[in-house]
Amino acid sequence: IHSLPFSLATSRQETLPTQQAMSTHEKHAWSQVTSPKTHSLNTLTQITNTTSIGTDARQSSSTPLLATIVPIYEAESIVTSLTPTPLRDIGSDSFLKMYAIDLERLSLQAHASAQYQSGGADEYVVEAILTHDKLSVLVRTLLAVEAWRIFVLGGGGGFVATTTEESAGSVCGVGGRLAERLGENGNVLRCAFTLHVETTLVGLLNLVLYRREGCEGIDSDTAIALVDYCSRAMAALATPLDQNPILQRQKYPPSLTPNTSNSDTKTVLPAHTPLEEISNTLLDTCYRTYLSATTLARYLCEHISTLPLSAQTRVLDTHDYLIMLLPLINEPPWTRRRRRRVQSGADDDASSVIWEKWIDNAWKRVPTEDLLVVTKMEAQCWIALHQLTCNNLCRERYALNRFRKEQLLRVRKFLNDVLLDQLPILADVMAYMDQLALMTVPESGSGGQGGSMMLMQQVGVMREGIVNEGKKMDGREISWDEVGEEQFERIFKNVSDGKDALLRLISSEIYSMDGIESIVGEEPLPMNDRVVPVPTPTARSVERVEVNFTINGVLIDRFYLNCLDESTTVVQTPHGSFKRIKMNFESRDEEEETITANMKQMSLPPYIIPSAATITANVIFQSKSKNETKLSLSCSDLKLPTAMSPPTTEDHIEGKVKLFAVPKSLPTVEWRQLGHVAKDKIALQLGFKRIESGVLLSEAAGGADNDPACCCYRCYQAFLSQPEEKL
């Protein structure tokens, strides 16, 4: 099934206007300006493409290729099972399983494939979405989550704005009854994962619409809904700061001095109530989602010629994307200037002004000399502006008037040599603006040559239908507070974050995968000499444990352990309840020629372990994705007891080896533990039993007649301890 390619064929009807249809539109004066030079966007797109999770999805990286998150056959199965979720089911178990788990895994796989596309990765997730025509399903669910966020959680969109820097950190962004009930019941995390679905959907749509065929396969209603959604996102980012709690929280973060202690931090970052945590999560999620929606708007502008005629009209006239982009260039929401307190020699603290920009999903300090370096988000607006001003279709359709001309010329001051060196295609924009400054345009109007005109355009009905359906219950229309109350009683009342098994499932399926940091744009956790690497161990069922013994870098033995579920006991520890599972030794695989050869070279029978051997245990968890999920535990030196000067005799065990009688003074049983329940949340205990006839190491392994290193123990028993929680 891996060899079956996804077909990109779609049933799209041609939606571009015909030449006759275009002839009915008046060509505006600005369309007669000299046609711009053609520049290739391939290299620029690779530099500026950004996603909801803040990573350059098509940027080559030295990070090792992440193992397949979702295999091809499973990806197609998940895509075909996607269905739109009604507004009143947002936040339910079925919704989170489909979108917070399955779709999140699809999104991570899609971003991983795009990130390593230069290495030959196949973007089969995007192809599956296009093949099975699931773009409209994603958009419908996106609008449902947005409507739930605004009307149900936000109580009708009521953000409480603050105007001071001191109070901006605690701005309340929720006013609905549901938010209060969720805070009282302790559903902060479930609410956060529900809100994050919107960000995931926008990020996945970015990858789909990055490709021209993605826009070609979109139907009229879906295209209008997307254009409207992006316009709402850009309008939210362009709202003045004193009326915008989303930007207030980003522009005015709590300031910490470099020498702030842990105790002082409590005064700067006071403990938040659950309602405040929900509000802050809502504001942060909105900010990230709106940034990603701005990138989505750029793709719609870049492929505007493939969009239905009604969607083109909404981009160029109804919402006027060209004018909406200008405030984002003049007052960029992804740049902030703030004061940082520094410790001075005097009693009073001094302060310094620092500049920060939103880069790779985080605010990062930018030196003053690098402020003119264009970031990914800044480039998105400029590229969209280039498409809207230099695309022949846009020039012919856009109704230029005096107001639009004045607003557009306000960004001419930013087109300097430094910017043009980074984005050469903007030379066409600068040339157009220079010509526009000399042109005479109509005072107002939509481009008609006089006389009366009757304009007709398609109305967006997708979002209106979702909202109207969400407010109806038992054939009557109810208020949003009633919708929230009904949702709380049906979905949220019987679960809380501490007892929500679905949250633990999300954590284990999504955020415990090896290498996840390279996809979400986070720094990898530091390596540990006991756990390699350091994912968070989970309570998932263990499939088996692979135990490897090496000495001097040579693998001398390997065996596998299986769980005996009937031999499981629960142990109470200061770190919680843990299951202690007795492990069963699997029969040895006789086909492992490398292991057998090394064992013969070392002159060791099975399970006889050298005192100074290094042991590594790979705990392999069961996974629905059918790809192995491992957690590696290691111990560099067993340090088993040994006889210092053993007498030797000669005997034959698969060849001539040196044996000796193990002294009775050595302990009968020795135990060694890999991992720790407090730090690693999982531990493997191995039991070693003293044998009667010890084995001296061969010279090939570094041993000699006068070498005290020898083997006095064999591995005979194993126990695995992991959290008791069952998912």
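A 1.4 Å probe over all protein chains sorts 111, 676 by accessible area into 676, 111, starting with the largest. Expressed as a whole percent, the accessible area of the stretch 373-414 that falls on carbon and sulfur atoms is 49 (1.4 Å probe). If R0 is 30 Å, the Cβ-Cβ spacing of residue 468 and residue 329 corresponds to a FRET efficiency of close to 0.25. Rolled with a 1.4 Å probe across the full set of protein chains, the surface gives residue 436 an accessible area near 0 Å². Report the calculated FRET efficiency for residue 364 and residue 232 (r = Cβ-Cβ distance, R0 = 22 Å), to the nearest 0.05. Efficiency computed from Cβ-Cβ geometry: 0.20.
Between residue 407 and residue 438, the contour length at 0.36 nm per residue exceeds the alpha carbon distance by 9.7 nm. Of the listed residues 664, 97, the order by accessible area with a 1.4 Å probe, largest first, is 664, 97.
Using a probe of 1.4 Å, the accessible surface attributed to residue 439 totals some 40 Å² when neighbouring protein chains are kept in position. Distance between the pseudo-spin-label points of residue 673 and residue 458 (7 Å out from Cα toward the beta carbon): 6.6 nm. Full extension of the segment from residue 93 to residue 582, taken as 0.36 nm per residue of separation minus the current Cα-Cα distance, would add 172.7 nm.
Using a probe of 1.4 Å, the accessible surface attributed to residue 355 totals some 80 Å² when neighbouring protein chains are kept in position. Would you mind counting up the charge near residue 141? Only other residues with Cβ under 15 Å from its Cβ, with Lys and Arg at +1 and Asp and Glu at -1. In short, -2. Using a simple spin-label model with pseudo-atoms 7 Å out from Cα toward Cβ, residue 317 and residue 353 lie 4.5 nm apart.
The values are calculated or read from the model by the stated rules, or taken from the named source; none is laboratory data. These numbers come from a predicted model, not from an experiment. Neighbour counts run over all protein chains shown; Cβ positions are idealised from the backbone, glycine included. Quick note on the areas: whole protein, heavy atoms, side chains included, nothing else; ligands and nucleic acids left out. Shrake-Rupley method; radii C 1.70, N 1.55, O 1.52, S 1.80 Å.
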